[in-house]
Amino acid sequence: MKMVKKLVAMALVSTMTLSGLAACGDTKEEKSAKEETGKEEGKETEEGKQTLKLAAFKGGNGEKIWEDIAAAFEEEKGVEVELEMSSELDKDLTKSIQKGEFPDVVYYNLGQKSGFTETMLKEGAVADISDVFADEELKSRLLDGITDGTDAQPFADGKIYLAPIFYTPTGFWYNKNLFEGENKKYDLPTTWEEFFALGDAAKADGVALFTFPQSGYLDATMYSMLAQAGGTEFYQKAIKYDKDTWTSETGKKVLDTLGKLVSADYTEKDTVANANADGGFKINQQNVIDNKALFMPNGNWVIGEMAASTPEEFRWGMMPAPKWDGDESQTMYTFTEQMWIPAEAENMDLAKEFIKFMYSDKVVDILLNNETTDKETGTTAPAPVVAPVKGAAEKLPEGTTKDCYEASTADNIVTVTGGWVATEPIEGLNMKEAVYGPAYGVNTGEMTVEDWQAQLTETWEKCAGALK
């Protein structure tokens, strides 16, 4: 068995050595039982069917979506799926890995607070699945460029380790009733100059221009701003930790604008306090619904997430982050959710078949018909999920979600995917906190934009030195 040498703890504070996992695996009794049956537990059932171990993060998409996908795969392939769902999947998998037990397929995204997927990548514990996407029939079904970004090729080396199974255009979300219709109060801005002018006007009405659920939600905004300000070439250099990223004129323009946006002058006064409170991110999102703040960065999952507290007459809208004066197009960041195969998966071939299945017509329809139920109210609401398959978004029902996907394909929109390139493990570095966390300090006055710039420059130096 290939052994994972080490796994940084989920809080990225402690380190667990896994090089001795073999000693933590089979006991003499278990080995004896395997020798008698001639097969390993989990590979086949008593009826001779193969068993796929699927571990899925239990999040905003709900549980039924994975139960339906598992059942459809069982029917399609004549196998059994052992489904594990958990809202603390990183912790549960860490315990399993310590015992030498690996799932065959994992749905757990990049960018989570635990950094679990990033850690597995850094430790070489995620399988190269480039061969899955070399399939010509599959390639013809996928959206152009969806596997070209670093959310599929985390090392930017041409090899695919992560399968982008869902995608969502992101931008600034707002109350459409304030900008359209008989009760229209404001004009929708397209440039940063117009955006901040709107903030000054709204302030006179007692309304803040901006809020953000938590600092990590600024990721898509930062990515789109870097690409907007410097173009694709600058963006590609930035995500690979070019030393001049934040000291260049372009980088400083991005950071100065972002610093102004999250300052106390334009961001709702309780944003930071809410962001740091348990469940407080929803309070910040509710502030847009309640017209206490005009805009926030988010994706269409917010519709289902806030359905129970959204008035019936409320209408969501989404626009790209503003452009600078003179820019002809606007940039919109497309967020993907990823699935991957552990390098130690027992059923590697079946796992790859499952990933291909995620792009089938059957799964596309399961995703589009998804619903979620609010635990507190019992309210069930449509929560369609879109696979990066050509034509999938066109099947969405008329409404806000479909509008968002259509907006991302408009002629004047340039889409961006991917993110910071994966590096070797860097002791003590929490990338999310290092990059986006200073927004809190800038808002409260504990940090300046110059402090943020210095921290980013130092972080980029560390990451550049740890590139694989």
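Numerical summary
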{"read-out": "Antiparallel bridges, percent of DSSP beta bridges restricted to segment 329-468 (to nearest 5)", "value": "50 percent"}
{"read-out": "Accessible area (Å², per residue) of segment 45-175, counting only protein heavy atoms and a probe of 1.4 Å", "value": "40 Å²"}
{"read-out": "Solvent-accessible area per residue, Å², over segment 238-310 with all protein chains present [probe radius 1.4 Å]", "value": "40 Å²"}
{"read-out": "Mean-position separation - Cα centroids, segment 440-457 and segment 77-99, in angstrom", "value": "39 Å"}
{"read-out": "Length-normalised contact order of the chain in % [C-alpha pairs under 8 Å, at least 6 apart]", "value": "23 percent"}
{"read-out": "Antiparallel %, DSSP beta bridges [both residues in the chain], to 5", "value": "60 percent"}
{"read-out": "Convex hull projection area averaged over all views, segment 271-360, Cα basis, nm²", "value": "10.9 nm²"}
{"read-out": "Solvent-accessible area per residue, Å², over segment 338-465 with all protein chains present [probe radius 1.4 Å]", "value": "46 Å²"}
{"read-out": "Where chymotrypsin sites (Phe, Trp or Tyr not before Pro) fall in DSSP loop in segment 263-332, at most 15 other Cβ within 10 Å", "value": "F314, W324"}
{"read-out": "Largest-first ellipsoid semi-axes for segment 339-423, taking √(5λ) over the Cα gyration tensor eigenvalues, angstrom", "value": "27, 21, 15"}
{"read-out": "The chain, accessible surface, carbon-and-sulfur percent (1.4 angstrom probe)", "value": "45 percent"}
{"read-out": "Cross-link pairs K53/K352; K252/K323; K58/K462; K176/K323 - those with Cα-Cα distance over 24 Å", "value": "K58/K462"}
{"read-out": "Ordering of 220-227, 394-401 by packing [mean C-beta count within 10 Å, highest first]", "value": "220-227, 394-401"}
{"read-out": "Relative contact order computed over segment 229-383 (Cα-Cα under 8 Å; 6+ residues apart), in percent", "value": "13 percent"}
{"read-out": "0 to 90° range, to nearest 10: angle between helix 28-37 axis and the chain longest Cα axis", "value": "70 degrees"}
{"read-out": "Sorted peptide list for 273-279, 158-164, 452-458, criterion being average Cβ within 10 angstrom, highest first", "value": "158-164, 452-458, 273-279"}
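The values are calculated or read from the model by the stated rules, or taken from the named source; none is laboratory data. Fair warning: this is a prediction, and the values are worked out from it, not measured in the lab. Cβ coordinates were reconstructed from backbone atoms using ideal geometry, including for glycine residues, and neighbour counts include every protein chain displayed. Please note that ligands, DNA and RNA were not included when accessible areas were found on the heavy atoms of the full protein model with its side chains. Shrake-Rupley method; radii C 1.70, N 1.55, O 1.52, S 1.80 Å.
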